[in-house]
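Reading through the structure tokens given below for one structure.
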Amino acid sequence: MRSYFEQRAMLARLETARAETERQIAIIERQITARAERMTISTRVKARQFGRASTTGTRADERDFQANIAALRFERHDDINALARKLARQAGAIVAFRVRYRINEPERDAAS
């Protein structure tokens, strides 16, 4: 049997690993969005417009942007799916750990 502090340390490691996986998924999503935006801007040359009420974004630009996002997500779907499966396994492991050692809530910081 593990001591209380060993259990908390193990749980903290599990939660840190899950947070890292979530961070990796977020990085991939940001990369996809940024690249789709660059692709949209470079393919749709816009006339320069002046004035406060004028906008340079059109519906066609949004359609191209969404199409670029879909294409880039399809290219990276193996990575995204692998990380999503890993995230699900990690979440299951955390739930199982909490059930096994009867830890219901995260430990609250004493300074808060």
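The stretch between GLU75 and ARG35, if pulled fully straight at 0.36 nm per residue, gains 13.2 nm over its current Cα-Cα span.
Here the label points at GLN24 and ARG102, each 7 Å from Cα along the C-beta direction, are separated by 3.5 nm in the simple model.
Read-outs throughout are calculated quantities, based only on the coordinates presented, and are distinct from any laboratory measurement. Keep in mind that this is a model prediction, so the values were computed, not measured. For neighbour counting, all protein chains shown are included, and Cβ atoms are generated from backbone atoms with ideal geometry for every residue, glycine included.
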